[in-house]
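The values are calculated or read from the model by the stated rules, or taken from the named source; none is laboratory data. Since this is a predicted model, take the numbers as computed values, not measurements. Every residue, glycine among them, receives a Cβ derived from its backbone with ideal geometry; neighbour counts consider all protein chains shown.
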Amino acid sequence: MKIKNNAQNIPFNSAQQAWIGGFFTGMHSHIVNNKQVANAGDARQLCIVYGSQTGNSESVAHDAAKAAKAHGLNPTVLGMDEIDRTDFINAEYLLLITSTYGDGDMPDNADILWDDISNDNDIDLSHMNYSILALGDTSYDLFCMAGIDWDERLAELGANSLLKRVDCDVDFDDDAEAWIQAVMPLMSDGNSVIDTDDDSSESTYNRKNPFPAKLDVNRLLTSKDSSKETRHYEISIAGSGLSYEAGDALNIIPTNCPQLVADIINAIGCTGDEIDISGTGVLPFNEVLRTQFEIKLPSKELLTAIAEQANNAEFNVLLEDKDKLADYLWGRDTLDLLRQFPAVQFAHTDFIALLKPLQHRAYSISSSGKANPDSVHLTIASVRYDSYDREHKGVCSTYLADIADENSEIRCFFSPNKAFRVPENNDLPIIMVGPGTGIAPFRAFLQEREFRQAKGSNWLFFGDRNASTDFIYQDEVEAMQKSGLLTKLDLAFSRDQEEKIYVQDCMRNNGAELFSQLEQGGYFFICGDAQRMAKDVEVALHDIIATYGKLSKEQAVDYVNQLKKDKRYVRDVY
């Protein structure tokens, strides 16, 4: 198109036409962009907060954000340790997604916000409209308790629930998706779904569609004389398009031990050849048990069904007492119960109806994705023990150790753990406490720091039972020391001397230096056992901060809470 000078009816030359065309194109873009900005500013703000221990709630939160954008909302996704107290209280539209940690506890990143909101009775939330998705595990008595507590507390403070809380079991995908689809129209006043950009960069492999990886390495780390068996695995993800960061977890979907499957089928009076028609097609009963259902730990429904058939007064009493039942089940599994009550029999369809789906197991990754882009390393203790006149084995740990080989498809997917990360500032010190297999993510951290050529100091507290049999990765650790990558190493092998020594004792012995590194902006990480080690380490940390910071107990608590808020004190515990 030519643009003419109206006065003289003379066409502009080509250079002038190009300039004017560009001018009007730019003006059009400016108008469109301003309109988009205005529209974004006018969109209803939706606050999505998550409490997460292993990344599941965070993943659902981001799924919810995508749906919110499609409904014309302007979502903000924040962890409970990231959102400002005032912003939380002032939110008019809130989606809260939280897992429950252990038996009824808040996940780590929710502790501080929960303590704040639950203890302040002067908060008025009558302006807030909310809905809650709770993730949990029905094998725990306090199923989804964190979500229940939040729901009750928000209601107490006057908030209005737009959609009844949804409680999800371990197989949560479908329930979470249904909740998202149901709640978005309520949050957006029924606005129509609009087109959103296609996120073509997202991997096609995920929880619903795991990647069929290959097992390249299965190596024993502990000595043959050790009382434990810890193994190093390397799993190839070449060609998958997947990537991961140091601190993430790899989820493995195992298959059940064929011998356990056969023994259970025999115990309930079936043959294994019975045909089951399920969502995956027509399969024999033994294959269904091997690949699809949790058969080691009995569900509550199975316990009840066994009790009904066994008609055993003592067992019925146990079912009514949570603590006594837990003691009774310690070391026992489904097969033990079936053998204890041999008269109990099930048709294969009835038995399947009492089982939970076979779930993935999450393992802290022990390699850096930057240093090992095509491979994921895992450090796993094989669970094996003898009780009730038979050998017991962990489902996934011995699937990898005994069943999987180079020809197997290891079905897996990643769980990001954005809080558990090497600090972006390469000059800051990091302190890592990881006894036993808790060393896994710190091996990854050290690889990451080496890849980045980070100058900050790296301090590792490691320990186990005996140095001669349980010092896993000893050659690597000593090489890291020699190269200067591992600045300081403190070891605690509890059974190498008469008086047991643990990592928290090593921390106390180095309290002044530990506090000094925290004062320099250092990061403090824990990985490993949640029940004892992590709690003992936290007590030691509080004591060290109080002693060398010359603070009261209350001030030491505030100091640690600030570390948590700054994501400088982070745990990966189980």
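List the residue pairs whose Cβ atoms are under 8 Å apart, where the first residue sits in segment 335-354 and is under 17 Å from V288 (Cβ atoms) and without any contact (Cβ under 8 Å) to a residue 60 or more places away in the chain, the second is small (G, A, S) and in a loop (DSSP other than H, G, I, E, B), and the two are 6 or more positions apart or on different chains.
Matching pairs, first to second residue: L354/S299.
When the residues of segment 325-353 are narrowed to those that are among the aliphatic types (A, V, I, L, M) and part of a loop (DSSP other than H, G, I, E, B), which ends up farthest from L400 (Cα to Cα)?
Out of the qualifying residues, it is A343.
So which residues in segment 139-159 are among the acidic types (D, E) and closer than 21 Å to E301 by Cβ?
Within segment 139-159, just D141 meets the criteria.
Just checking, which of K567, K535, K500 is surrounded by fewer than 16 Cβ atoms within 10 Å (Cβ to Cβ), of a type in the set (K, R) and within 29 Å of K418 (Cβ to Cβ)?
Of the residues listed, the single one that is surrounded by fewer than 16 Cβ atoms within 10 Å (Cβ to Cβ), of a type in the set (K, R) and within 29 Å of K418 (Cβ to Cβ) is K535.
Out of G136, G158, which single residue is buried (at least 20 other Cβ atoms within 10 Å of the Cβ) and either touching a Lys or Arg at 6+ places or on another chain (Cβ under 7 Å) or without any contact (Cβ under 8 Å) to a residue 40 or more places away in the chain (or both)?
G136 is the lone residue from the list that is buried (at least 20 other Cβ atoms within 10 Å of the Cβ) and either touching a Lys or Arg at 6+ places or on another chain (Cβ under 7 Å) or without any contact (Cβ under 8 Å) to a residue 40 or more places away in the chain (or both).
Tell me which residues, restricted to segment 434-444, are surrounded by 24 or more Cβ atoms within 10 Å (Cβ to Cβ) and either under 12 Å from M533 (Cα atoms) or of a type in the set (K, R) (or both).
Those that are surrounded by 24 or more Cβ atoms within 10 Å (Cβ to Cβ) and either under 12 Å from M533 (Cα atoms) or of a type in the set (K, R) (or both): G434, P435, G438, R443.
If you go through segment 288-332 one residue at a time, how many are β-branched (V, I, T), under 20 Å from C257 (Cα atoms) and buried (at least 17 other Cβ atoms within 10 Å of the Cβ)?
Residues in segment 288-332 being β-branched (V, I, T), under 20 Å from C257 (Cα atoms) and buried (at least 17 other Cβ atoms within 10 Å of the Cβ): 2 in total.
If only one of D103, D84, D63 is surrounded by fewer than 19 Cβ atoms within 10 Å (Cβ to Cβ) and more than 28 Å from F413 (Cβ to Cβ), which one is it?
Residue meeting the stated conditions: D84.
Quick one: L73 ticks every box in (1) under 21 Å from the mean Cα position of the chain (by Cα); (2) on the phi < 0 side of the Ramachandran plot except a single one, so which number is it?
Among (1) under 21 Å from the mean Cα position of the chain (by Cα); (2) on the phi < 0 side of the Ramachandran plot, the lone unmet condition for L73 is (1).
Collect the residues in segment 535-574 that are over 24 Å from the mean Cα position of the chain (by Cα) and free of Cβ contacts under 8 Å to residues at least 12 places away in the same chain, keeping them in residue-number order.
Those that are over 24 Å from the mean Cα position of the chain (by Cα) and free of Cβ contacts under 8 Å to residues at least 12 places away in the same chain: A546, K550, L551, S552, K553, E554, Q555, D558.
Name every residue in segment 175-222 that is at pLDDT 95 or above and of a type in the set (F, W, Y), in order of residue number.
Residues satisfying the conditions are W179, F211.
Only one of R532, R495 is of a type in the set (K, R) and free of Cβ contacts under 8 Å to residues at least 12 places away in the same chain; which?
Exactly one of R532, R495 is of a type in the set (K, R) and free of Cβ contacts under 8 Å to residues at least 12 places away in the same chain, namely R532.
Check off (1) loosely packed, with under 14 Cβ neighbours inside 10 Å; (2) in contact with a Pro (Cβ under 6 Å, 6 or more places away or on another chain) for E519 and give me the number that stays unchecked.
Unmet for E519, out of (1) loosely packed, with under 14 Cβ neighbours inside 10 Å; (2) in contact with a Pro (Cβ under 6 Å, 6 or more places away or on another chain): (2).
Which of (1) on the phi > 0 side of the Ramachandran plot; (2) touching a helix residue (DSSP H, G or I) at 6+ places or on another chain (Cβ under 8 Å); (3) of a type in the set (D, E, K, R) does D189 not meet, given it meets every other one?
The one condition D189 does not meet is (2).
Return the residues of segment 291-334 that are closer than 29 Å to T255 by Cβ and touching a residue at least 60 places away in the same chain (Cβ under 8 Å); say none if nothing qualifies.
Across segment 291-334, the qualifying residues are T291, Q292, F293, E294, I295, K296, L297, S299, K300, G331, T334.
If you go through segment 394-415 one residue at a time, do you hit one that is over 30 Å from T334 (Cβ atoms), out of contact with any Pro (no Cβ under 6 Å at 6 or more places or on another chain) and among the small types (G, A, S)?
No, segment 394-415 has no match at all.
For the condition surrounded by fewer than 19 Cβ atoms within 10 Å (Cβ to Cβ) and under 30 Å from Y233 (Cα atoms), what is the one hit in D470, D529, D558, D572?
Only one candidate qualifies: D529.
Can you tell me which of (1) surrounded by 15 or more Cβ atoms within 10 Å (Cβ to Cβ); (2) over 27 Å from the mean Cα position of the chain (by Cα) is the one I431 doesn't meet?
In the conditions (1) surrounded by 15 or more Cβ atoms within 10 Å (Cβ to Cβ); (2) over 27 Å from the mean Cα position of the chain (by Cα), I431 misses (2) alone.
Give segment 452-467 a look and list any residue that's assigned to a loop (DSSP other than H, G, I, E, B) and either surrounded by fewer than 20 Cβ atoms within 10 Å (Cβ to Cβ) or not aliphatic (A, V, I, L, M) (or both), or say none.
Matches in segment 452-467: Q453, K455, G456, S457, R465, N466.
Going by what's in this entry, would S387 be described as over 23 Å from S516 (Cα atoms) and either under 18 Å from the mean Cα position of the chain (by Cα) or among the aliphatic types (A, V, I, L, M) (or both)?
no
Could you please find all residues in segment 235-264 being more than 20 Å from the chain's Cα centre (by Cα), surrounded by fewer than 18 Cβ atoms within 10 Å (Cβ to Cβ) and at negative phi?
S236, A238, S240, P258, Q259, A262, D263
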